[in-house]
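Q: Here it is, the structure in full.
The values are calculated or read from the model by the stated rules, or taken from the named source; none is laboratory data. Everything quoted here is computed from the prediction, not taken from an experiment. Cβ placement follows ideal geometry from the backbone for every residue including glycine, while neighbour counts extend to all protein chains displayed. These area figures cover heavy atoms from the full protein model, side chains too; ligands, DNA and RNA do not enter into them. Shrake-Rupley method; radii C 1.70, N 1.55, O 1.52, S 1.80 Å.
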Amino acid sequence: MSTDTQAIKDWLKQHQISEVEVLVPDMTGNARGKFIPAHQFLDMGEPKLPESIMVQSVTGEYSDEHWELVEPTDTDMILRPDPNTMRVVPWAREPTAQIIHDCYKQNGEPHPLSSRNVLRRVLELYEAEGLQPVVAPEVEFFLVDRNTNPDNVLIPPSGRSGRRETSRLSYSIDAVAEFEDFVEDMYDYAEAQNLAVDTLIHENGAAQMEINFLHGNAMDLADQVFIFKRTIRETAHKHGIYATFMAKPMQNECGSALHIHQSIVRADTGENIFVTPDGEHTETFLSYIAGLQHYTPELIAFYAPNVNSYRRLAPDISAPINLNWGLDNRTTAFRVPESSPAATRVENRFPGADTNPYLAMAATLASGYLGMKGKLKPTEPHQGTANEDEVEIARSLEEGLRNLDNSPEVREVFDPLFLKAFAAVKRDEFEEFNRVISSWEREHLLLQV
């Protein structure tokens, strides 16, 4: 028995687990997998899943290019548990474990359609340089009333006062207290799963919250965001409401982001390569920022992967629309917060809350890596508000996908099969959405064009 297998067996026994959730993050960043009785989990060998589940659209459909992306036999992937991801499922009725699994081809190679493997491929580039990324995500979400009719607009839920929010209540303590029972259960669930959640704040939108995570290893934090989104939805269900990570769920409210703070340290010493001993920004740091500026137009679909995502990336709603960077400037896409020298970092404000956290982290770290390798030069830091500058990024999913895979550098970092699969699946989602006629079109075009 391998060390990992023994560790898993001991953990399951220690926690008296009766059932195991075998989890695999799909292309959308949601959980796919199997439920397996604990007594069978280690005796049955490596679990398997059909590789076709990795290329399903958000509606469950398959792309027209499906058989160019997977084997014609629709073969199985081999799943191997990562013991670092073992967690209890605190909302389960019976003692249940959840374990994230890595996906492999039949020949033992990492499966290229796995988003977790996409991130691992980027992290290996840093490892080869003796470097290690350090990240800290900030995740925003809305609480909304239960809504079983998709034709109805979303509205905030009633708080403990019986009232719904209508004002802008950024950082309001009392507004968070309106949902005290939800918040307490969320923290209890997070603690039970060893999620490194830190600060909770009320954001600008009605019943919009933000959770900040403590900084750490990129794969571990991507795993935590993956688990956290499940946790928030389950907590909301317990309280008879919904939690949504849609990028722009309501017309008159701001959008929800997944901001990613990032720095790079030397693996052996922990030294932050973004700052000199005197506390000045290094040329490497500036090249990292330049990489974010240069490659974001190509990789925007990883930050904004759904048709709804681009409703958030619009002028005047507190989201980036161009490629400016600035010093402690929240109107820029890439913000360098005021901090101590050791904590010098850049915050990428492009990713939406609806993104797959593995792909968003892979995209931002790959951009910075390519900027450092190419010794790229950034623009001057932006002064004043960046919201008044021109829009420099795609305004639709279809446009974002046309920009994907434009450079040989991106094709070297990301597996070409994954890039092809992602574009095919998301293009089909766009076309399906584009067939829907909206109420705006019926109202303004029916009798006037």
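Q: Which pairs have Cβ atoms under 7 Å, sit 6 or more apart or on different chains, and link a residue in the stretch 44-62 that is open to solvent by 40 Å² or more (accessible area, probe 1.4 Å) to one that is modelled with pLDDT under 90 and of a type outside the set (A, V, I, L, M, F, W, C)?
A: Sorted first by the residue in the stretch 44-62, then by its partner, the pairs are P50/D74.
Q: Could you grab me the full set of residues in the stretch 165-205 that are among the small types (G, A, S) and out of contact with any helix residue (DSSP H, G or I) (no Cβ under 9 Å at 6 or more places or on another chain)?
A: Across the stretch 165-205, the qualifying residues are S170, S172, A175, A192, G205.
Q: Looking at N149, N204, N194, which one is open to solvent by 30 Å² or more (accessible area, probe 1.4 Å) and more than 24 Å from the chain's Cα centre (by Cα)?
A: Just a single option satisfies the conditions, and that option is N149.
Q: Moving on. Is it the case that some residue within the stretch 211-221 is open to solvent by less than 10 Å² (accessible area, probe 1.4 Å), out of contact with any Phe, Trp or Tyr (no Cβ under 6 Å at 6 or more places or on another chain) and within 21 Å of A175 (Cβ to Cβ)?
A: Yes: one or more hits.
Q: Then there is this: Within the stretch 367-395, which residues are small (G, A, S), outside any helix (DSSP H, G or I) and either buried (at least 17 other Cβ atoms within 10 Å of the Cβ) or at pLDDT below 95 (or both)?
A: Those that are small (G, A, S), outside any helix (DSSP H, G or I) and either buried (at least 17 other Cβ atoms within 10 Å of the Cβ) or at pLDDT below 95 (or both): G384, A386, A394.
Q: Another question about this same structure. Can you work out which of the residues in the stretch 83-104 that are out of contact with any helix residue (DSSP H, G or I) (no Cβ under 8 Å at 6 or more places or on another chain) and free of Cβ contacts under 8 Å to residues at least 40 places away in the same chain is nearest to G29 (Cα to Cα)?
A: Residue satisfying both the conditions and the ranking: Y104.
Q: Could you look through the stretch 417-449, keep only residues that are in a loop (DSSP other than H, G, I, E, B) and polar (S, T, N, Q), and pick out the one that is surrounded by the fewest Cβ atoms within 10 Å (Cβ to Cβ)?
A: By that ranking, first place goes to Q448.
Q: Of the conditions (1) open to solvent by 20 Å² or more (accessible area, probe 1.4 Å); (2) farther than 30 Å from L123 by Cβ; (3) touching a Lys or Arg at 6+ places or on another chain (Cβ under 7 Å), D174 clears all except one; give me its number.
A: The single condition D174 does not satisfy is (3).
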